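**Student:** Got a structure here, written out as structure tokens. Questions coming.
The values are calculated or read from the model by the stated rules, or taken from the named source; none is laboratory data. The structure presented is a predicted model; accordingly, all values stated were derived computationally and were not measured. As a convention, Cβ positions derive from the backbone with ideal geometry for all residues, glycine included, and neighbour counts pool all protein chains shown. Note: areas computed on protein heavy atoms with side chains; ligands, DNA, RNA excluded. Shrake-Rupley method; radii C 1.70, N 1.55, O 1.52, S 1.80 Å.
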Amino acid sequence: MDTSIERKPGLRAFLLTVMFYPLMIAWTIVGIVCSPALIAVLKIATGWEIARVVRYWIKVHGRGLIVIVSPFVRFRKEDLETIPLPSILVVNHLSFVDGYYMASLPFHDLTFAVGAWPFKMYWYTTFMRLARYIDVENVAWKDAVEICRRAASKKGCVLFFPEGHRSRDRRLQPFYSGAFRMAIETGLPLVPLCITGTDILLPSGKHWLHPADVRLRALPSVDPAGFLGASGPTRLCNAVRDRMSTALDEMRGTAGGSGKGGTDP
């Protein structure tokens, strides 16, 4: 059964849409123009390596989107403070804006592991490569592991979208095994993240935005040590997917209720 939600644009959706695109384009242009100077200042002030500085700047950019849509979006964060550092994160994928909402995580040193197509957005490509994001379709596995280990050595996290693409019917799609294999090989705890509401805010394949309740919840971390052996990645993948599916059903069933986290602009 198709569980996607079709909504006709109303007045608030119209206002959100006509506000969002000009502001987002302006914010992106300002960020690109100002980035060389700001990255240089952050580099000098913090002493961080360039990749970490750029990841911090990307978080600032993501926060900008959250602020832009905040008059029309109620955003709740749940249990994000329980995420161990370092760790491997996996999150379900509903909308183009999911990545921006990762800027609400309570740390900035986050390396994305994504497919090839985001690297083709030329206005972001340079930043993604400077940030040492992982192109899972083209990077050698040993290089991906090395990037992950390096991030972990500095208490950073690596985030995967295990479905590989946005779901068009809200349901979890089959998972790829890369994140789970990475967790087992590096020994890092794996943290499932569940996001809801972004499929209403900006549905996959659509251009109209709609007011929405967005929730981002961290589930308890999973120790990959219990999933060794040849079948380990598959067993870990299935266990995490089952937990995420249950949590997403619960979150959608109580979308109007009180969450454990606060609201965030």
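**Student:** Look through the range 211-265, keep the residues that are in a loop (DSSP other than H, G, I, E, B) and among the aliphatic types (A, V, I, L, M), and return whichever of them is modelled with the lowest pLDDT.
**Tutor:** We begin by selecting, within the range 211-265, every residue in a loop (DSSP other than H, G, I, E, B); these are 211, 219-221, 223, 228-231, 254-262, 264-265.
From what is left, the residues that are among the aliphatic types (A, V, I, L, M) are 219, 228, 230, 255.
Details: L219: 98, L228: 91, A230: 93, A255: 43.
In this case the residue turns out to be A255.
**Student:** Does any residue of the range 198-212 turn out to be in contact with a His (Cβ under 7 Å, 6 or more places away or on another chain), surrounded by 23 or more Cβ atoms within 10 Å (Cβ to Cβ) and closer than 22 Å to R74 by Cβ? Step through it out loud before you land on a result.
**Tutor:** Restricting attention to the range 198-212, the residues satisfying the condition of being in contact with a His (Cβ under 7 Å, 6 or more places away or on another chain) are 200-201.
Keeping just the survivors that are surrounded by 23 or more Cβ atoms within 10 Å (Cβ to Cβ) gives 201.
Narrowing further to those that are closer than 22 Å to R74 by Cβ: 201.
Yes, the range 198-212 contains at least one residue that is in contact with a His (Cβ under 7 Å, 6 or more places away or on another chain), surrounded by 23 or more Cβ atoms within 10 Å (Cβ to Cβ) and closer than 22 Å to R74 by Cβ.
**Student:** Ok, one more. Please pick out the residue among R170, R149, R132 that is among the charged types (D, E, K, R), without any contact (Cβ under 8 Å) to a residue 40 or more places away in the chain and either assigned to a strand (DSSP E or B) or open to solvent by 20 Å² or more (accessible area, probe 1.4 Å) (or both). Steps first, answer last, please.
**Tutor:** Numbers: R170 fails: without any contact (Cβ under 8 Å) to a residue 40 or more places away in the chain; R132 fails: without any contact (Cβ under 8 Å) to a residue 40 or more places away in the chain.
Answer to the selection: R149.
**Student:** Answer yes if at least one residue in the range 194-210 is among the charged types (D, E, K, R), assigned to a helix (DSSP H, G or I) and within 19 Å of the chain's Cα centre (by Cα), and no otherwise. Steps first, please.
**Tutor:** Step one: list which residues in the range 194-210 are among the charged types (D, E, K, R), which gives 199, 206.
Still in the running and assigned to a helix (DSSP H, G or I): 199.
The next check asks that each one be within 19 Å of the chain's Cα centre (by Cα); those that pass are 199.
Yes - at least one qualifying residue is present in the range 194-210.
**Student:** Just to check your reading of the model, which residue among F75, F107 is touching a Leu at 6+ places or on another chain (Cβ under 7 Å) and at negative phi? Talk me through it step by step, then tell me what you get.
**Tutor:** On the way: F75 fails: touching a Leu at 6+ places or on another chain (Cβ under 7 Å).
Of the residues listed, the single one that is touching a Leu at 6+ places or on another chain (Cβ under 7 Å) and at negative phi is F107.
**Student:** Moving on. Between residues in the range 89-113 that are closer than 14 Å to R215 by Cβ and residues that are polar (S, T, N, Q) and crowded, with 20+ Cβ neighbours inside 10 Å, which pairs lie under 7 Å by C-beta distance while being six or more apart or on different chains?
**Tutor:** Within 7 Å, the pairs are L94/T198; S95/T198; V97/T198; D98/T198; Y101/T198.
**Student:** Exactly one of these conditions fails for D143: (1) out of contact with any helix residue (DSSP H, G or I) (no Cβ under 8 Å at 6 or more places or on another chain); (2) closer than 28 Å to L236 by Cα; (3) touching a residue at least 40 places away in the same chain (Cβ under 8 Å); (4) not in a loop (DSSP other than H, G, I, E, B). Give me its number.
**Tutor:** Every listed condition holds for D143 apart from (3).
**Student:** Of all residues in the range 155-171, count the ones that are modelled with pLDDT of 95 or more and more than 11 Å from T111 (Cα to Cα). It would help to see each step written out before you state the result.
**Tutor:** So the first thing to find is which residues in the range 155-171 are modelled with pLDDT of 95 or more, and the list is 155-163.
Among the residues that remain, those that are also more than 11 Å from T111 (Cα to Cα) are: 155, 161-163.
Counting residues in the range 155-171 that are modelled with pLDDT of 95 or more and more than 11 Å from T111 (Cα to Cα) gives 4.
**Student:** Scan the range 207-223 and tell me whether some residue there is without any contact (Cβ under 8 Å) to a residue 40 or more places away in the chain and β-branched (V, I, T). Write out each step before concluding.
**Tutor:** Initial filter on the range 207-223 (without any contact (Cβ under 8 Å) to a residue 40 or more places away in the chain): 222-223.
Keeping just the survivors that are β-branched (V, I, T) gives 222.
Checked against the condition, which is being without any contact (Cβ under 8 Å) to a residue 40 or more places away in the chain and β-branched (V, I, T), the range 207-223 yields at least one hit.
**Student:** To continue, here is another question. So in the range 115-127, with the set limited to residues that are open to solvent by 20 Å² or more (accessible area, probe 1.4 Å) and either without any contact (Cβ under 8 Å) to a residue 24 or more places away in the chain or under 12 Å from the mean Cα position of the chain (by Cα) (or both), which one is nearest to D169 (Cα to Cα)?
**Tutor:** Across the range 115-127, the extreme among qualifying residues is W117.
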